[in-house]
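Everything below concerns the one structure shown next.
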Amino acid sequence: MTFRNHQELDVTVVAVAPVGAQVNVDGESGFIDQVKHPSWWDQNAAPPQVGDVLHVVVLDAGRQPPRLSALQRDIDIARRLRQADA
């Protein structure tokens, strides 16, 4: 699988660290920085845990591993950008 900027995916958390979460989709790894997970901004949102399935958007497909976001505002921005490109 090749990640593309602004692409939406469902990913599975495979590791959690103080700086963020490593995720996997179709055998490919990505990374969600702690500030790109809802729990950073909302005390009522549970922090990521191994096995969680998250809906995310690709922010930077060129990084290794690609950088992703689980924030709804980033998903909404990506949708607007995809519509503008269509």
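Just so you know, all these numbers are worked out from the coordinates, no wet-lab data involved. Model, not experiment: these values are computed from the prediction. Cβ sites come from the backbone with ideal geometry, for glycine too, and all protein chains shown count toward neighbours.
Observations, loosely collected:
- Failed criterion for Ala78 (all others in (1) out of contact with any helix residue (DSSP H, G or I) (no Cβ under 9 Å at 6 or more places or on another chain); (2) assigned to a strand (DSSP E or B) hold): (2)
- Which listed residue is exposed (fewer than 15 other Cβ atoms within 10 Å of the Cβ) and either out of contact with any strand residue (DSSP E or B) (no Cβ under 9 Å at 6 or more places or on another chain) or basic (Lys, Arg) (or both), from Gln83, Gln49: Gln83
- Each residue in the stretch 56-71 was checked for being out of contact with any His (no Cβ under 9 Å at 6 or more places or on another chain) and outside any loop (DSSP other than H, G, I, E, B), and 4 pass.
- Scan of the stretch 1-55 for residues that are among the hydrophobic types (A, V, I, L, M, F, W, C), without any contact (Cβ under 8 Å) to a residue 40 or more places away in the chain and assigned to a strand (DSSP E or B), ordered by number: Val14, Ala15, Val16, Ala17, Ala21, Val25, Phe31, Ile32
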